[in-house]
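Read-outs: derived from the displayed coordinates by stated rules, not from any lab. Quick caveat, the model's predicted, so the values are computed rather than measured. In this analysis, Cβ positions are derived from the backbone assuming ideal geometry, glycine residues included, and neighbour counts consider all displayed protein chains.
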Amino acid sequence: MNRTGLLVLLLLLSGLAAAEVFTIGTGTDTQSYLPYDGSQDYGWSKIIYQASELSGAGLPAGPICGIGFHVANYPTGNFVVNQQVFIRHTQVGFYSLTDNAMPDAAEFQKVYEASFTWTGAFWNQIMFDSPFVWDGTSNLEIMWQNRDGMYSLNHPVFYATVSNENRAVYKHGIYLFPDDEPGICTATRPNTQFITLESTIPEPAVLCSPANDGYAMPELLLKWKCGNGVPTSYDLYFGTSNNPPFLVNLSHNSYPLNGLLPGTTYHWKVVPRNSNGLAENCPVWSFSTPATNQLSQSFEGTFPPPAWVCQGGANWTRSGLRYTHGQASAYKHAVNFEQYILSTPQLSTANGIPLTFDVFFSQLSSQLEILYSDDRVNWTILQNIVPNEENTWESKVVDLSLVNGPYYLGFRTGMLSSDIYIDAVIGRF
Ligand SMILES: [Ca+2]
């Protein structure tokens with residue numbers, strides 16, 4: 001056994017290897033070039049974390065088994081191949097303007113080489129193939145190499161903190177990996193988690209989408225985020241039984257589904273796992289697909305869709321910028337002096353089916369009113385929808401049991417300035 005392996009074993013045996021995450025940086029600036037730039041085909045970056053910062057965050061000497069970066073947006077071009085991460089000890093505390101070359105990877109320990117799926121908006125954790133053992137006194141340098149070879153317009157954006165000296169260098173490449181090209185020094189550094197070895201099982205995952213007990217399109221992304229603890233992978237259970245069977249083990253926290261049956265209820269469960277075992281008491285979630293004659297609108301074709309109506313001046317439009325299903329959504333910039341209504345076709349009397357839809361607000365202080373009316377003239381507010389987070393898609397479920405039809409449902413922008421997108425609207429017959 002080598003020294004690293006022995007130290008890991010000793011720490012495990014001594015019970016000192018508590019499961020913990022240590023965070024460097026609390027800034028709310030955002031940038032898209034560190035640790036990697038998904039808008040470019042290739043790139044490299046190097047980042048220094050000073051020993052005093054690491055100790056200040058509480059990181060103990062010993063094995064580091066992963067790192068995390070805080071994604072600020074909802075990237076859809078999020079699957080990248082051939083990502084490589086390297087770490088070494090260094091005595092250098094910052095980068096001088098001439099220290100802008102890509103280091104020799106042979107001087108580092110390679111801790112990760114795999115594809116990765118970025119999701120948001122939350123911390124994305126990359127668990128190392130083998131731990132890096134920090135000596136507790138040296139600074140750390142992390143080098144990231146993006147050898148994906150593809151770019152995306154819908155790439156991740158990362159929260160970052162600006163310091164008073166250059167602690168990062170980055171360089172992107174088009175068509176070729178930029179081995180020999182000097183990078184750009186910056187005092188901006190992505191907020192970063194350092195994850196130490198886990199000695200306990202992880203806690204259950206947290207549901208992101210689709211909304212539990214709601215409706216979802218027959219092509220969708222199951223999405224969750226990690227609860228407490230440090231899972232290294234997730235067992236996904238999925239099926240029509242309320243005790244769904246095992247489907248697949250995943251190293252990331254989303255899974256695409258296609259071709260689901262109409263008018264069917266599906267159940268799913270995520271069980272985070274690590275070397276200590278499986279998370280316990282993981283809940284079973286469910287969603288239903290719309291029946292073929294049920295209101296089901298993804299805003300992919302002409303706008304407004306047949307039998308939908310826009311009311312107001314400059315009104316709701318179709319947008320290809322953001323979406324959760326297909327490649328478009330309905331969009332309106334809400335303003336503080338006028339309101340705009342997008343209304344559904346006429347819906348039937350109550351039949352126990354809620355309204356389910358995805359919504360994206362660019363501002364935390366904004367709202368979307370859900371209305372109903374039997375004539376599209378006199379509207380009654382059913383519910384005010386507000387974001388839990390800005391700049392991210394959220395699935396919402398609105399109870400319609402108190403509404404007697406036939407009637408129309410309306411989406412009305414609130415009197416607060418914000419970009420609002422809605423997609424995957426599913427309602428009654
Ligand atoms: Ca859509």
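Among Val21, Val157, Val206, the largest mean-square fluctuation in a Gaussian network model of the chain (Cα springs under 10 Å) belongs to Val206.
For segment 302-429, give the magnitude of the charge dipole about the Cα centre (Cβ charges: +1 Lys/Arg, -1 Asp/Glu; no others), in debye to the nearest 20. Let's see the in-between values first.
Numbers: 7 positive and 11 negative charges, 55 e Å.
Charge dipole of segment 302-429: 260 debye, to the nearest 20.
For the chain, the spherically averaged projection of the C-alpha convex hull amounts to 23.0 nm².
The count of lysine pairs in the chain that are at least 8 places apart or cross chains, and whose C-alpha atoms lie under 29 Å apart, stands at 13. With R₀ fixed at 25 Å, the C-beta to C-beta distance from Thr265 to Gln346 puts the FRET efficiency at about 0.45.
With charges only on Cβ, +1 for K and R and -1 for D and E, what is the dipole size of segment 206-288 about its Cα centre, in debye, rounded to 20? Provide the component values of the computation, followed by the final result.
Numbers: 4 positive and 4 negative charges, 26 e Å.
Computed charge dipole of segment 206-288: roughly 120 debye.
Rounded to two decimals, what is Rg over Rh for segment 206-288 when you use alpha-carbon atoms and the Kirkwood radius? Looking at segment 206-288, the ratio lands at 0.95. Most fluctuating residue of Asp235, Asp375, Asp419 in a GNM of the chain with Cα springs under 10 Å: which is it? Judging by the Gaussian network model, the answer is Asp375. Taking Cβ atoms as reference points and 11 Å as the exclusive limit, the residues near Asp179 contribute a net charge of -1, counting Lys and Arg as +1 and Asp and Glu as -1. Given the options Gly62, Gly405, Gly149, state which has the largest fluctuation in a GNM of the chain using a 10 Å cut-off (strictly under) for Cα springs. Highest fluctuation of the listed residues: Gly405.
Taking all Cα pairs closer than 8 Å and separated by 6 or more residues, the relative contact order of segment 296-426 comes to 37 percent. Helix 3-14 against the longest principal axis of the chain: what's the angle in degrees, Cα atoms only, rounded to the nearest 10? Taking Cα atoms only, the helix is inclined about 60 degrees.
For segment 375-429 and segment 205-278, compute the distance between their C-alpha centroids and round to whole Å. Segment 375-429 and segment 205-278 have Cα centres separated by 26 Å. Spacing of the modelled spin labels on Gln91 and Asn384, each 7 Å from Cα toward Cβ, amounts to 6.1 nm. Net charge dipole, segment 90-158: roughly 240 debye, given to the nearest 20, about the Cα centre with Cβ charges of +1 for Lys and Arg and -1 for Asp and Glu.
Scale the Cα Rg of segment 18-196 by the rule-of-thumb value 2.2 N^0.38 Å and send over the ratio, two decimals. Provide the component values of the computation, followed by the final result.
Values: Rg = 14.8 Å, N = 179, 2.2 N^0.38 = 15.8 Å.
Scaled against compact globular proteins, the figure is 0.94.
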